[in-house]
Amino acid sequence: MTRPDMFIVHVRDARESARFYGGLFAMEPAFESPRFITFELGGGVQLALWSGAAENLTGPRTAEVCLTLDGAPASVDARYEEWTAKGVTIVEEPRDAVFGRTFVAADPDGNLIRVAPND
């Protein structure tokens, strides 16, 4: 079976975004080039930050990176407090959705990062 194994986030500056994501998720890059940086997420899946294609993209961005946490709703609220203390931009305050407690942050390029409960 063929499955996706890399999720690409388009950014203006790959190195700046790698510092943001690396600090946010306590990760080190697995591969680095001037405009393309990857992080290993486990199970052969990678998160890639690419600054080489952003100028060629025309449509609206609709995807989110999602971090799921055990121990919700308390863990979601605690992560919200942690990230706001770091100065992370919050675009949706914590709320209860049909799937549980959640909030949405944004990276420096406006890409969305959702925090939600682990099912």
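The values are calculated or read from the model by the stated rules, or taken from the named source; none is laboratory data. Please read all numbers here as calculations on a predicted model, not as lab measurements. With ideal geometry, Cβ positions are generated from the backbone for all residues, glycine too; neighbour counts draw on all protein chains shown.
The table below lists the values:
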{"read-out": "Residues of the range 37-52 that turn out to be of a type in the set (S, T, N, Q) and in contact with a helix residue (DSSP H, G or I) (Cβ under 7 Å, 6 or more places away or on another chain), as a count", "value": "1"}
{"read-out": "Criterion violated by Pro29 - all others in (1) surrounded by 15 or more Cβ atoms within 10 Å (Cβ to Cβ); (2) in contact (Cβ under 8 Å) with a residue 12 or more places away in the chain; (3) of a type outside the set (Asp, Glu); (4) assigned by TED's automatic domain parsing to the domain that holds Pro4 satisfied", "value": "(2)"}
